1. Could you tell me how far the Cα centroid of the stretch B:54-87 sits from the Cα centroid of the stretch B:205-282, in Å?
2. Once Lys and Arg get +1 and Asp and Glu get -1 on their Cβ, which of A:Phe309, A:Ser348, A:Phe328 lies farthest toward the positive end of the dipole of the stretch A:278-376?
3. Each residue of the stretch B:543-556 in turn: what ³J(HN,Hα) in whole Hz from Karplus with 6.51, -1.76, 1.60 and θ = phi - 60°, glycine and Pro shown as x?
4. Quick one: dipole size for chain A, taken about the Cα centre, charges +1 on Lys/Arg Cβ and -1 on Asp/Glu Cβ, in debye to the nearest 20.
5. For B:Lys336, which lysines qualify as cross-link partners when the Cα separation must be under 18 Å and same-chain residues fewer than eight apart are set aside?
6. For the stretch A:109-161, list log₁₀ I(q)/I(0) at each q in 0.13, 0.14, 0.22 Å⁻¹, using the Debye formula over Cα point scatterers of equal strength and ignoring solvent, two decimals each.
7. Just want the answer: with Cβ charges of +1 for Lys and Arg and -1 for Asp and Glu, which residue in A:Ala204, B:Ile393, A:Tyr270 is farthest toward the dipole's positive end in the protein assembly as shown?
8. What is the dipole size for chain B, taken about its Cα centre, with +1 at each Lys and Arg Cβ and -1 at each Asp and Glu Cβ, in debye to the nearest 20?
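Every number here is computed from the coordinates shown, using simple stated rules; none is lab data. As the structure is a prediction and not an experimental result, all values here were calculated from the model. Neighbour counts run over all protein chains shown; Cβ positions are idealised from the backbone, glycine included.
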Amino acid sequence: MIGRTLADRPLAALAVLLTVFGIAIVYSAGQTDVVVPVVARAWQRQLGWFVVAALSALLASRASVRVLEWSAWPVYLGGVALLTLTLAFGSGAGTAASQKGWLTIGGIRLGQPSELAKIFVVLMLARVLAARREAPTSLLDLWRPAAVVFVPWTLIMLQPDLGTGIVFIGIFFCMLFWSGVKWPLLVLAASPGISLVLAFSTGAWGIWFVMLVALVIWYRPYLWEGIALVVANVVSGVIAPILWDRLQPYQQRRLLVFLDPQSDPRASGYHVIQSQVAIGSGGWFGKGYLDGSQKRLAFLPAQHTDFIFSVVGEELGFLGVSVALGLFLGLFLRTVRVAQRANDQFSSLVAFGLGASWFVHVIVNVGMTLNLMPITGIPLPFFSYGGSFLLSCWLAVGILLRVSSEGRGRAGTFAM
Amino acid sequence: MSTSFHPNEVQRRGRIASVLVLLTIVTLGSAFFRTQVLRHRQYTLESEQNRLREVPLPAPRGIIYDRTGQIIAENLPGYTVSLLAPGTDSLRAALRRLSGTIALTPAQIDLAVRRFRRAPNRPAVILADASFDVVSVLEEHRIEFPGLIIQASPKRYYPDGAAVASFVGYTGEITEAELGRDAFRGYKAGQQVGKGGLEKQYEGQLRGREGTRFVEVDARGRVVREAGARADVPPERAAVLRTNIDLDLQRYIVELFGDSLQGGAVALDPKSGAVLALHSAPTYDPNRFTGGIPADYWKSLNTDPRRPLYNKVLQGRYEPGSTWKLATAALALERKVADLDDHMPTSCTGGYQFGNRYFRCWEKKGHGSISMRQAIAVSCDVYFYQLGLKIGIERLIAGGVSLKFLDRTGIDLPEESPSQFPYAVEYFNKRYGPRGWSNAVVLNLSIGQGENAQTVMNMARFYTALATDGREATPNVVQRTVKRDSIMNLSSEQLTALRDAMAGVVQAGGTAASAAIVGVRLAGKTGTAQNPQDPKRDHAWFVGMAPAEDPKVVVAVMLEFGGHGTRAARIASKIIERYLKVKAAPVPVTEAGL
């Protein structure tokens, strides 16, 4: 059984390499001049979680894809219930103390349900999208998948956890793409969100709006859909400032700092600047494993979680960064391959969705360390310290291994 | 079988997805390349600035010696206490906690914060001169103050204290204004610099080179590594400074002035210009300036009506009075207007009628008809009124200019003010209008009154020419090569005769007969200068030299509110006697310096 599960050795090897690399960096992140005991011991717990996660992955890989498909509904409903519970009784922790992301019972933090939510949303989306004979061609067709994402997304945004929210949206669009939705419809579906972002610049929003109207005329959706789209874009362009006012001050700050990190270097922008300094001072080959001064002297924030990739950059240099990014690239390409070769639509969508989730995490997290993305506090798969997340990543590995083993040696027709 | 999942479609989408993933990762990678490779230098610098703090290792200032090798200024071991902090707020917090352990005034806290703002990457100095007790208390509590830096730093010490302040000056922390000046390029906030006297004049030689110790700090400003974070740059000790000062003579002069006398004295070697001693009384204790002057002491110095911070030898300008008559006499000889044995047409009857004004002689009884030689000895004003008239206003002023009475002497001390004298007849035209003044100014000028204000140093310089062959010597405190310019074109017989006339001053019948020295022929001239602040209390002058046949020393003494010049003469005479007699074998100082 294990032999069959590990049929996709490259995938398993990439995941193991990334995790081992990650634990080595978590260990280094704990080696600071003024020792923070929790961080210093993090690597031991991460190692323990790795054992649990690997066993869970083996277990997950033993479950047939059909079982996953069948269980998508109950798992999804259970997950949503868990998120609701978290919202009601959750607690904050660490750098995200003001968020209710942790499910806590009797003072013991059990985990972050939002990490598992990424998996059950992928399963449920795959099920809903696979149930259609044809890819959605109108916005109305999108209501079911949209609803699948919207419920947990809302619960998570209420925690509030902007980063995970962004990941959900990324997963949603990636899976729509994989299900065969044409790109104009993807753009139209995303248009209110784009309007929201561009609303801060009247000129940019104006140009965008003209392009949108052109796209609507060219794509010719249902008339009322077209009207609704235009109205939605106008509304989000106008209500954006109002929404802005409702953002938490720290969120406003973070977004502003994203736009101009030099604006307040001692406060929020400080993190990004110190991360860039750490990475930039690494040079070609880095300052040496364990020897990053930015990390060692606590200039790097959250160096074992959100900013763990800055440690890679500082201590191992461009070489280490290239190796890490190369491993991720290999993992993504392998995942796409698994999705291509999957036996059926559901398996294919699950595989692509899980890969998409990782992809969005990597882009947002790594981009954040160089100030290419806003600081949203989302972790780096296989690297960032955190039990729930490592477990979630390895559950995904298990599912992918299963899909891969059920798939064909080479892509062929699906047996429906 | 849905068409959207037709194998060809899946293959196509897979290719698109793979290409997009590849492009995204490559884009990320190139962003890292830009940051890590192309901007590596800049970020390395920032990272080093983050982690390293420069703790200055002050260089011991150069030791200042007198001509016999006695120490004028040296360095004692001292401690500075400073704090490293990541920001102003945490510095204030640390200072507040620190004030629970050692007494800190709010003023000291504010000063430390100001110092920090000036140079946030260097430790902010809290106590520039901490006592050993304070240091040991702090060492005990070191763990509680992670940014605390206790640094051994030499502090300036003047063994003779106030006795040498008039020429040595003092040191203090560099000010913000000084930091902005070109002269202080390369200096850093918190450094000690010379603030006056030799300390300021020879700052470049005395400062040495400050070293740097690099300590490693973490993001909260806690010192993580005290040494080895980067190789230290050791401080470089400065070269010593050898001066012409005769410390024994200097101490003697200070003793003579005591606490009561107010004024200044300078002793020069007329052949080399070597400043043997220079004292302005009262003065201040330069040791109290080290490590920050106590506010009450500073206030008392500034409010003292006797102005201890005002150098009465270099800055003070006083009407030279009769000491200037030698200039009139020298000019008359040089211009061949009169000879030393010539009498003036009008004999002295206690005054001189010029136009509708009557000019008094200081001696109301009158001196009768006397020669220039005698007129110098008895300081007859009437004789010099007429001598001045014979020289004429144009030549008298031009002569005064050529004798450098409106110049600085060029002594190597920064405080010197230029003396004041009309630059030409133009001066009177401009000041009073062409018809606003009369030839009567000649009479005043020729007896050293009127528009004439000289520093004690400049009068001493003028007398070095009289003491030698007509060449003045630029006064110099530090042994160095000086140029000697001839300022009066007189024969050695004429100069000898002038000195003989001055010897008459301190002989029976002279104005300062009581200042005579047994066994030494003293020559000099008294002066009594009108005091614009208090007409009843004149300033007393005496400029003299000895031995008259070949002077080894020129001494100028000025006593503020000293009354008659005789008092100054007695002081000068004691100085000269001490120098010539006690100093058995003065160290020879050649013109070329040592």
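1. Each part reduced to its Cα centre gives a spacing of 8 Å.
2. Comparing the listed Cα positions along the dipole, A:Ser348 ranks first.
3. Couplings: 10, x, 8, 6, x, 4, 6, 8, x, 9, 8, 10, 10, 10 Hz.
4. Numbers: 28 positive and 17 negative charges, 180 e Å.
In total the dipole reaches around 860 debye.
5. B:Lys325, B:Lys390
6. After summing over all Cα pairs, the log10 values are -0.38, -0.43, -0.84.
7. A:Ala204
8. Values: 75 positive and 60 negative charges, 293 e Å.
Approximately 1400 debye in magnitude.
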